[in-house]
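Q: Got a structure for you, questions after.
The values are calculated or read from the model by the stated rules, or taken from the named source; none is laboratory data. Because the structure is a prediction, the values reported are computed rather than measured. Neighbour counts run over all protein chains shown; Cβ positions are idealised from the backbone, glycine included. Protein only, heavy atoms only, side chains kept; ligands, DNA and RNA dropped before computing areas. Shrake-Rupley method; radii C 1.70, N 1.55, O 1.52, S 1.80 Å.
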Amino acid sequence: MLDDFFVRALVAGVGVAVVAGPLGCFIVWRRLAYFGDTLSHAALLGVAMAFLLEMNITLAVFIVSAVVSVTLLLLQRRATLSSDSLLGLLAHSSLALGLVVLAFMTWVRIDLMGFLFGDILAVSKPDIAVIYGGGALILLVLALIWNRLFAATVNRELAEAEGMNPDGANLVFMLLMATVIAIAMKIVGVLLITAMLIIPAATARRFAQGPEQMAVLAAVIGALSVTGGLYGSLQWDTPSGPTIVVAALALFLLSLSGAAARIARFTTKQGE
Amino acid sequence: MKELTPLVSLSSAGIERAGRWLVRNVDLTVRPGEIVTLIGPNGSGKSTTAKMALGVLRPDEGAVERKSKLRVGYVPQKVAVDWTLPLTVERFMHLTGRIPVAELDNALARTNISHLRQAEVRVLSGGEFQRAMLARAIARKPDLLVLDEPVQGVDYSGEIALYELIGSIRQELGCGILMISHDLHVVMAATDQVVCLNGHVCCQGAPTTVAASPEYQRLFGTHSASAIAVYEHHHDHTHLPDGRVRHADGSITEHCHHEDGHHDHDSDHQKDPEVMAGEEKTEKGQAGHAG
């Protein structure tokens, strides 16, 4: 079954979406969209490092993303610059560094577009193994730290006071983000990973009654976006990564119209 | 009560941020079954002191000792739940640990929010959310309950009822309570000890029995006398902007002394205590926004 490139793409894409959904919820709740962007921009530096040191690309991307996120944690504690300026600094300097390093390595011929926008149709069986192995690990760890991470998301000091060790949970979360970016890069590319994290979660928010439900819904909506996007790209011969994101956007817009009545009900409730 | 081991004790504890002492030389002990109330003007270090007691902030000098395996219930001064977070009151109750259904029902009933069980916390009013936070903290059956302005946004009769509830929780659980009052002069009558802060401990002691006085009862009604009390304290020295202290007799010294009473609330604008108390209410305190 996995001999067909389209089936491989579908299996890989759904695997990434199922992992990105729950993590994306935390990105949305904690207003970390720009953080996701920063890590994915840094991924390109990881690619450059991989070529320079002749190591596995996924591993190199993970290492660079992890270093960037831990650096961010440390810089935030010193806090001489605001968080968004720090993120912008890290995002674009690592992207630029990655491009410069790649340009120096004249002997390396790489498809830059493949890394920027993803190359889901070139997914191999080992890639699928990495996605499902890494993905299962991410979901397992996330399930283990879920309560602590959620408490820290609602209020860090409350979580700290009641013994939930929020700093530890935050660090683990950063590492999970670095992992998901490393395994998702090939599917949608560094420029569009954040979309896979945020858009399904934002869509799920409209229907979710609780945080756990929102995480599951985000995973399902992400998987639907991948499926829809891949069939769309086959149908209209469009690039697959961007088409997946467009499919996710379409689902989001659909949820807006469908949920209009619900939202109206909410506003009247608040107005009382 | 003195023989019970303290739940938490601060000795000469202080927090420094950017070269400024937010609070310094705080000595404070909370024992099981004891209610300690912190009062003081905005920025006097009330929340900072509470956070030191909780272990959220580590003291830069002095020491904080907490009983091992202390179970804490905390009601922070401000919790902003993001719009994107689908969080019902029921899920919020389980935030830092599962709570048995019977406990959950009981806590919601006692804070009068049983009907809001399935409501999303972001649509609650300020007073309702305050009740939900209190319900969550007491349902944990803590050893130490730390309440940072627990009745803010709650109307007057609700305030009395919540104070009575806090008093009865203390009886039931035998827990120690560290409470920050949003009013400079009015504290819970059941308070065993009032600690007045203004960057350091100005004065402390038991609340006076003013609540029983006829003037007070005429003002607030006899019912309220059982739940809240006026803390009478007189200011005999003022902290000047340069850090020196002017005493009631006009003399100026480098520091205030332990035998000094309470000082005026704000070093650079000296105001009538009543006016300051009003400000405290409306501004909802920037106190202790450190870290």
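Q: How many percent of all Cα-Cα pairs in segment B:9-105 sit more than 21 Å apart?
A: Looking at segment B:9-105, the distances longer than 21 Å represent 48 percent of pairs.
Q: Here's a follow-up. Would you tell me the mean number of C-beta atoms belonging to other protein chains that fall within 10 Å of each C-beta in B:77-90, as a whole number?
A: Taking all residues of B:77-90 together, the mean is 5.
Q: Can you figure out the FRET efficiency of A:Thr106 with A:Glu54, using R₀ = 22 Å and their beta-carbon distance, to the nearest 0.05?
A: E between A:Thr106 and A:Glu54, to the nearest 0.05, is 0.90.
Q: Which residue, B:Val23, B:Gly153, B:Val56, has the largest displacement toward the positive end of the dipole of segment B:1-153 when charges sit on each Cβ (Lys, Arg +1; Asp, Glu -1)?
A: Comparing the listed Cα positions along the dipole, B:Val56 ranks first.
Q: Right, another one. For the pair B:Ala206 and A:Ala136, what calculated FRET efficiency results from E = 1/(1 + (r/R0)^6), where r is the Cβ-Cβ distance and R0 = 51 Å, to the nearest 0.05?
A: 0.25
Q: Just need the relative contact order of segment A:5-271 here, percent rounded to a whole number, with Cα pairs under 8 Å and 6+ apart.
A: RCO, segment A:5-271: 31 percent.
Q: Mind listing P(r) for segment B:1-48? All alpha-carbon pairs, 5 Å bins, whole percents.
A: Histogramming segment B:1-48 at 5 Å steps yields 5, 18, 23, 23, 15, 10, 4, 2 percent.
Q: Order B:160-170, A:10-20, A:230-240 from most to least packed using the mean count of other Cβ atoms within 10 Å.
A: Top of the packing list down: A:10-20, B:160-170, A:230-240.
Q: May I ask you to give the average projected area over all directions of the convex hull of the Cα atoms of chain A, in nm² rounded to one decimal?
A: 16.5 nm²
Q: Within chain A, which complete DSSP H helices have Cα atoms spanning at least 18 Å along the helix axis and a mean Kyte-Doolittle hydropathy of 1.6 or higher?
A: Span-like helices in chain A: A:5-29, A:57-78, A:83-104, A:166-188, A:240-258.
Q: Write down the Kirkwood hydrodynamic radius of segment A:55-122, to one decimal in angstroms, obtained as one divided by the mean of 1/r over all alpha carbon pairs.
A: Its Kirkwood hydrodynamic radius stands at 14.0 Å.
Q: Using the alpha-carbon centroid of each, what span in Å lies between segment B:111-184 and segment A:138-185?
A: Each part's Cα centre sits 28 Å from the other's.
Q: With a 1.4 Å probe and all protein chains kept in place, how much accessible area does A:His41 have, in Å² rounded to the nearest 10?
A: Roll a 1.4 Å probe over it and A:His41 shows about 20 Å².
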